[in-house]
Amino acid sequence: MRSKPGDMVRLTHIIEAIQEIETYCSGVDFGGFLGNSMMRFACVKQLEIIGKAGNHISEDVQKRFSTIEWGQIVGMRNVFVQEYFGIDPRFVW
């Protein structure tokens, strides 16, 4: 049986996913972003990773970083995963 990743591993995943999004979008304006389906898909995938990792952060860490909207992060991930067909990128970003 595999052990579950701890908070540090999950927080590292979140930071790395944010860095990936920043790399993808560097030097790209909003119109360029909307016009590039591969970039949008890659960003959504990273946001899913952030949401999944955020869902498994311990309550202690969530309380310590209470200014972070953990519920919204997880909720947005759920929208991306379950309602992907109804997402209009002009209104999400």
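The values are calculated or read from the model by the stated rules, or taken from the named source; none is laboratory data. All values derive from a computational prediction rather than experimental measurement. Positions of Cβ are generated from backbone atoms using ideal geometry, with glycine treated the same way; all protein chains shown enter the neighbour counts.
Take the conditions at pLDDT 95 or above and at positive phi and apply them to GLY54. Does it pass? So GLY54 fails the test. Residues in the range 1-20 that are of a type outside the set (Asp, Glu) and modelled with pLDDT of 95 or more: MET8, VAL9, ARG10, LEU11, THR12, HIS13, ILE14, ILE15, ALA17, ILE18, GLN19. Residues that are modelled with pLDDT of 95 or more and among the hydroxyl-bearing types (Ser, Thr, Tyr) are absent from the range 37-48.
Right, SER66: closer than 27 Å to GLY6 by Cβ, at pLDDT 95 or above, surrounded by 11 or more Cβ atoms within 10 Å (Cβ to Cβ) and among the polar types (S, T, N, Q) or not? Considered against the rule, which asks whether it is closer than 27 Å to GLY6 by Cβ, at pLDDT 95 or above, surrounded by 11 or more Cβ atoms within 10 Å (Cβ to Cβ) and among the polar types (S, T, N, Q), SER66 comes out as no.
Within the range 27-45, does at least one residue satisfy the condition of being more than 22 Å from VAL81 (Cβ to Cβ), among the acidic types (Asp, Glu) and either free of Cβ contacts under 8 Å to residues at least 60 places away in the same chain or loosely packed, with under 11 Cβ neighbours inside 10 Å (or both)? Yes, the range 27-45 contains at least one residue that is more than 22 Å from VAL81 (Cβ to Cβ), among the acidic types (Asp, Glu) and either free of Cβ contacts under 8 Å to residues at least 60 places away in the same chain or loosely packed, with under 11 Cβ neighbours inside 10 Å (or both). Apart from one condition, GLU48 fits all of (1) without any contact (Cβ under 8 Å) to a residue 12 or more places away in the chain; (2) surrounded by 14 or more Cβ atoms within 10 Å (Cβ to Cβ); (3) not basic (Lys, Arg); the exception is (1). Name the one entry in ILE14, ILE73 that is surrounded by 11 or more Cβ atoms within 10 Å (Cβ to Cβ), in a helix (DSSP H, G or I) and in contact (Cβ under 8 Å) with a residue 40 or more places away in the chain. Residue meeting the stated conditions: ILE14.
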